[in-house]
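The values are calculated or read from the model by the stated rules, or taken from the named source; none is laboratory data. Everything quoted here is computed from the prediction, not taken from an experiment. Quick reminder, even Gly has a Cβ in these numbers, built from the backbone with ideal geometry, and neighbours come from all protein chains shown. These area figures cover heavy atoms from the full protein model, side chains too; ligands, DNA and RNA do not enter into them. Shrake-Rupley method; radii C 1.70, N 1.55, O 1.52, S 1.80 Å.
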Amino acid sequence: MSNTVTLTDNRNGKSYEFPILDGTKGPSVIDISSLYKDTGMFTFDRGYTSTAMCRSAITYIDGEKGELMHRGYDIAWLAKNKMYLDLVYLLFYKHLPSQDEFVSFKKDLKERSYLNEKMLKLFDCFPDKAHPMAVLQACVATMSAYYKRDMNFDDMHDYMELAKRLVAKIPTFIAFHYRHTRGFPTIYPDLDRGFTENFLYMLRAFPHNKVELRPIEAKAFDTVLMLHADHEQNASTTTVRTVGSTHAHPYSCISAGIGALWGHAHGGANEGVIRQLEMIGSVDRVDEFIKRAKDHNDPFRLMGFGHRVYKNFDPRAKVLKGLRDQLINEIGIDSNLIKVATRIEEIALNDEYFISRNLYPNVDFHSGLILKALGIPNEMFAAIFVMGRVPGWLSQWMELKAQDTIKIVRPRQLYVGPTCPPEA
Ligand code: CMC
């Protein structure tokens, strides 16, 4: 039996053969790259639900089994045994770091975490109420002006340099903007503290006080970053690859990814979860909102529920749920929010509407509550998601750049507009 698929056009009885390609794991794909040439037709796949847009060796997801792996390592194992920076290293260098490699990688990031002081003026240009994602997107885009030479190289060593620079500076951008809007004194990075602790330190520190972090706070935040680090070809990663396929400046690619992530169906969901819980406000109102979520005539959706790929459970949510409960028990949080969240979870997990559509709590349902418990303002949540995801985007971008030839992403359409000018 040949490893092909035959497509028959029932209008004229013509048949066409297309090769089936096998990956190392997961569904095979039909290579239809010659489809238009052979048949004069395109495929129609709204939202790319059945389309593989690239070959990739970084992240594997099995949505039915609730499986997520980075370079062959299971996410639950990584979350239990490793730290966020180990995973960043794994995404970039394709293997977990040795002790020496870890120390040297951390040092590299430390040295790159400061901003060119001229960039600090950027923060003055934004109104205090500007959304952190707007500011972060602009800051990253601005790096294209500061690191112009990064557009003109074609070498993995230089890509790695750029990747480290971005991972190191993004937390500084986010923290500096946060402090600037509040008029707090600037606190420079202190990576002697560890990557995750440094970020919380930059948010909380004042020149006269020490910042003591509880181990559970650092662990919870580190895990949130880890669980967001990469997620194969999601909307923002596809955006980064799409912009990268035009050979645009790397900082434009990442800035475009930030734009794509902002939407509430993607990285904006964790902020949406907390806003929604606050809006619902009390356990007595949960039934009313569950009813609204089930009503097709009402655009209201339960934030933090459902996923395009995970149709059984979100393995990231499973890791975070335990940590969320541990953190909340240890440090406490507005208990009303937790009560509302718990009630929503109880109802949704037992309701036919949610069960039949495979709508389970996703990673953002729990990460929103963890970030809230850490005292991070709601509007910063999506920026934290960016901080976690940037190594994923960069490793996907480097994978794209390592190809012998890069094909510009250029989908086609089914035209349904007029065929002659409308009457005057
Ligand atoms: N609340 C109520 N109904 C829902 C929800 C929800 N959160 N999500 C999906 N549905 C319903 C939807 O109305 C549809 O019903 P029907 O079949 O009767 O028309 C069915 O479930 C399938 O929905 P869909 O929109 O076709 O599913 P999708 O795969 O295109 O969308 C999603 C996935 C994540 C955009 C969607 O579930 C959603 O909007 N969830 C809320 C936002 C959210 O939490 N997003 C974060 C995703 S996790 C972070 C990340 O990885 O980016």
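Structural remarks
- Listed peptides 190-196, 247-253, 126-132 appear in the order 247-253, 190-196, 126-132 once ranked by packing, highest mean of other Cβ atoms within 10 Å at the front.
- In the chain, the calculated helix contribution to ellipticity at 222 nm averages -16000 deg cm²/dmol per residue, counting -39,500 (n - 2.57) for every DSSP H run with n ≥ 4.
- Whole-number percent relative contact order across the chain, with pairs defined as alpha carbons under 8 Å at least 6 apart: 20
- Surface share of carbon and sulfur [accessible, 1.4 angstrom probe, percent] for the stretch 74-404: 51
- Net charge of Cβ neighbours under 12 Å - reference Leu400; Lys, Arg +1; Asp, Glu -1: +2
- Normalised per residue, the accessible area of the stretch 1-131 is 66 Å², obtained with a 1.4 Å probe and no contribution from ligands, DNA or RNA.
- Segments 405-414, 79-88 sorted - mean Cβ within 10 Å per residue, highest first: 79-88, 405-414
- Note: relative contact order over the stretch 92-183, using C-alpha pairs below 8 Å and six or more positions apart, is 50 percent.
- Within-14-Å neighbourhood charge of Met119 [Cβ basis; K, R +1; D, E -1]: +3
- One Cα centroid belongs to the stretch 363-424, the other to the stretch 22-42; the line between them spans 24 Å.
- A simple packing score, the average count of other Cβ atoms within 10 Å per residue, orders the peptides 92-98, 7-13, 68-74 as 68-74, 92-98, 7-13, with the highest score first.
- Relative to one another, the C-alpha centroids of the stretch 97-131 and the stretch 135-193 are positioned 5 Å apart.
- The stretch 52-91 and the stretch 280-303: distance between their alpha carbon centers, rounded to Å: 34
- Separation of the alpha carbons by more than 32 angstrom is noted, of Lys110/Lys148; Lys80/Lys372; Lys118/Lys210; Lys80/Lys169; Lys169/Lys291, for Lys169/Lys291.
- Residues considered: Gln99, Gln396, Gln137. Largest GNM mean-square fluctuation over the chain, using C-alpha springs under 10 Å, is found at Gln99.
- Loop-located chymotrypsin sites (Phe, Trp or Tyr not before Pro) in the stretch 374-424 (DSSP state not H, G, I, E or B) with no more than 16 neighbouring Cβ atoms inside 10 Å: Tyr415.
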